[in-house]
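Have a look at the structure below, then the notes.
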Amino acid sequence: MATPAPTSPPKSESPKVASPKSESSKVASPKSASASPPPPGADVTVHDNVTTTMHPVIEAETYTESAYSESEVGSYTTSLSSSVMHYRFENGRRYHSQSVTDSNYFLPNDELENDRLDLNHHVMGLMQGGKLHGAPLDNPQRILDLGTGTGIWAIEMADQYPGAHVVGNDLSPIQPRWVPPNLTFEVDDVEKEWTHKPCSFDFIYCRYMLGSIKDWPQLIRRAFTTVKPGGYVEILEPDSTLRCDDGTLLEDSALVQWNKLFISAADANGTSVIGSPNYKDYFRDAGFTEITQEVFKLPNSPWPKDPHMKEIGGYHMATFMEGLEGLSLFFFTTFHHMSVSEINVLLANVRKEMKNKAIHTYFNLYRYIGRKPE
Ligand SMILES: C[S@@+](CC[C@H](N)C(=O)[O-])C[C@H]1O[C@@H](n2cnc3c(N)ncnc32)[C@H](O)[C@@H]1O
């Protein structure tokens with residue numbers, strides 16, 4: 001059952017702020033729900049009613065020094081404000097209250113994590129050409145943001161569409177108090193029965209819920225029921241498998257060790273962090289049409305030669321470095337029975353490798369857009 005977020009949380013201000021080849025046919029001009037045309041060099045295919053765009057390979061810059069300096073790392077970190085509330089504390093981090101849900105959501109909800117979410121929002125903006133969404137919205141009246149986090153996307157959507165009412169829900173009421181009048185935040189668990197009426201939103205959005213959701217087909221079916229005929233549902237989720245196209249990520253590296261532990265812990269929690277390549281099937285099974293799947297390459301450090309991709313990699317490195325502890329603590333202590341000091345040793349090695357300019361890793365970031373038939 002959704003409950004309105006408290007109206008007076010303490011301290012809070014608005015946040016400032018190649019690839020697998022498809023077996024299917026290539027097309028010159030895809031029928032796409034996405035507002036943005038595919039970039040030059042993109043690989044576009046259509047298979048079973050789903051248009052897939054693979055963004056082009058990234059060329060690495062050649063460096064004279066071997067590691068990113070502290071100031072280079074720091075220059076990508078922005079100081080962003082966030083709210084503070086008292087919840088469950090473990091290993092020095094704050095987590096959502098178990099009274100809201102029995103969900104085993106693994107990430108903290110403290111200031112450090114919220115700053116990271118706001119920084120990640122910036123990365124997502126850079127990745128998507130400054131746009132908040134890919135769906136071709138036309139005068140939307142009602143917009144729902146699932147797992148809104150700090151609410152930064154919902155706030156910007158409310159500003160961009162003053163004629164719409166935006167609702168953001170989350171397990172934690174960590175969103176700012178002063179928000180645009182056309183925005184409401186609710187405390188809710190999206191894995192429980194939805195209280196919103198069927199066909200009541202023009203647009204439903206969901207971003208970075210990896211590791212949170214046990215039943216993605218159910219979530220996508222509920223979104224289908226809740227969106228209006230002709231409306232859109234958009235999901236933006238990474239596949240957390242660390243990737244590398246030039247052999248610079250070694251199998252015995254701390255990065256690979258960390259990645260395996262992360263993926264297997266999420267599996268043990270029942271909330272996969274590598275399931276996003278499958279969501280196109282869930283969209284199709286739910287009844288959506290005009291489904292698009294786009295695969296962006298998200299560099300994990302500023303290794304690309306291209307200045308835009310370098311900037312994305314720099315900011316993403318900052319979010320990754322800042323997020324590592326939060327991403328690992330609950331998962332690794334709970335499912336791998338590691339001590340905090342063991343985790344810290346591993347993370348120190350991971351950070352060192354992240355700063356190594358000779359290692360060129362990235363994640364695949366999946367963007368799905370589906371339209372409910374009229
Ligand atoms: C990684 S954050 C992403 C936040 C936001 N979507 C963004 O992209 O900035 C995931 C958010 O989902 C929320 N969350 C996790 N499980 C949830 C659930 N079952 N119901 C509602 N929110 C949930 C968490 O509290 C957290 O704020």
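The values are calculated or read from the model by the stated rules, or taken from the named source; none is laboratory data. It should be emphasised that the depicted structure is a prediction, and the values quoted were computed from it without experimental measurement. Methodologically, a virtual Cβ is constructed for each residue, glycine included, from the backbone with ideal geometry; neighbour enumeration extends over all protein chains shown.
Every residue in segment 135-149 that is more than 9 Å from the ligand (Cβ to nearest atom), within 22 Å of PRO176 (Cα to Cα) and either crowded, with 24+ Cβ neighbours inside 10 Å or hydrophobic (A, V, I, L, M, F, W, C) (or both), please. Within segment 135-149, ILE143, LEU144 meet the criteria.
HIS122 passes every criterion in (1) farther than 29 Å from GLY287 by Cα; (2) modelled with pLDDT of 95 or more; (3) more than 20 Å from the chain's Cα centre (by Cα) apart from (3). Among the residues of segment 275-290, the one identified as outside any helix (DSSP H, G or I) and within 21 Å of the chain's Cα centre (by Cα) is GLY275.
Quick one: would you say TYR232 is near the ligand (Cβ under 10 Å from one of its atoms) and either in a loop (DSSP other than H, G, I, E, B) or under 18 Å from LYS280 (Cα atoms) (or both)?
Working: near the ligand (Cβ under 10 Å from one of its atoms): no; either in a loop (DSSP other than H, G, I, E, B) or under 18 Å from LYS280 (Cα atoms) (or both): yes.
Considered against the rule, which asks whether it is near the ligand (Cβ under 10 Å from one of its atoms) and either in a loop (DSSP other than H, G, I, E, B) or under 18 Å from LYS280 (Cα atoms) (or both), TYR232 comes out as no.
Residue count for segment 309-357 satisfying the condition of being touching a helix residue (DSSP H, G or I) at 6+ places or on another chain (Cβ under 9 Å), of a type in the set (Ser, Thr, Tyr) and farther than 19 Å from SER272 by Cβ: 4. From the list ILE174, ILE152, the one residue that fits, being within 9 Å of the ligand (Cβ to nearest atom) and either surrounded by fewer than 21 Cβ atoms within 10 Å (Cβ to Cβ) or farther than 29 Å from ARG371 by Cβ (or both), is ILE174.
Based on this model, can you work out whether ALA223 counts as within 28 Å of ARG116 (Cα to Cα), within 16 Å of the ligand (Cβ to nearest atom), touching a strand residue (DSSP E or B) at 6+ places or on another chain (Cβ under 6 Å) and modelled with pLDDT of 95 or more?
Numbers: within 28 Å of ARG116 (Cα to Cα): yes; within 16 Å of the ligand (Cβ to nearest atom): yes; touching a strand residue (DSSP E or B) at 6+ places or on another chain (Cβ under 6 Å): yes; modelled with pLDDT of 95 or more: yes.
Yes, satisfied.
If only residues of segment 197-217 that are basic (Lys, Arg) and more than 7 Å from the ligand (Cβ to nearest atom) are counted, the one that is surrounded by the most Cβ atoms within 10 Å (Cβ to Cβ) is LYS214.
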